[in-house]
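First the structure, in the form of structure tokens, and then the observations on it.
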Amino acid sequence: MTQEPSQSEISDADIERQVRRLHQFSVYRRWLFAGICWITLGTFSIWALRDRVALGLEHFTWALVRYSIIYDPIPALSLGFCVGITTAILVWQSYNILFGFSPEYRRHLEKQVRRIRNLGNRHPLWKRICQ
């Protein structure tokens, strides 16, 4: 078993690389959650609303939208949840791309990296983040 470097031997470049890996893992995890939501809830919602969607494609009115939401609230809320989650992830990721990480988010990631490094290979993300 190899000796791990102590905290003083870890360079800023290593920490930065590990923070980026952890952020990338977080992005993948969020998109995976959104995909699972669309596959499960989105499919169920669109299937439950298929008659109204077909009618809306022919003759769209806001009355049809209100009627669908009032008389089929579960599929409407499920579809709204999927759209909301997707929008939230897009806004979050766009903000990080355009403006970089906020100081609080960077501190949070660095704290998680330190926790992963302290636990070593006992942490499930250690191989993905630190190697």
Query raised in the report: Which helices pass in the chain if a helix is a full DSSP H run, must span at least 15 angstrom along its long axis by Cα, and must have mean Kyte-Doolittle hydropathy not below -0.5?
Result: 12-37, 73-99
Query raised in the report: How much length is gained if the chain between residue 46 and residue 12 is pulled fully straight, taking 0.36 nm per residue apart and subtracting their Cα-Cα distance, in nm to one decimal?
Result: 7.4 nm
Report summary line: Here, the range 28-99 modelled as identical Cα point scatterers in vacuum has Debye log10 I(q)/I(0) at q = 0.20, 0.23, 0.28 Å⁻¹ of -0.84, -0.96, -1.18
Query - For the chain, calculated [θ]222 nm from helices alone, where every DSSP H run of n ≥ 4 adds -39500 (n - 2.57) - result: -24500 deg cm²/dmol
Query raised in the report: Considering the zone a paramagnetic label at residue 59 would reach in this model (a point 7 Å from Cα along the Cα-to-Cβ line), which residues of the range 74-88 have amide N under 19 Å from it?
Result: none
Report summary line: In units of 2.2 N^0.38 Å, the Cα radius of gyration of the chain is 1.56
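Every number here is computed from the coordinates shown, using simple stated rules; none is lab data. Just so we're clear, the structure is a prediction, and the values are computed from it rather than from any experiment. Virtual Cβ from ideal backbone geometry, glycine too; neighbours counted across all protein chains shown.
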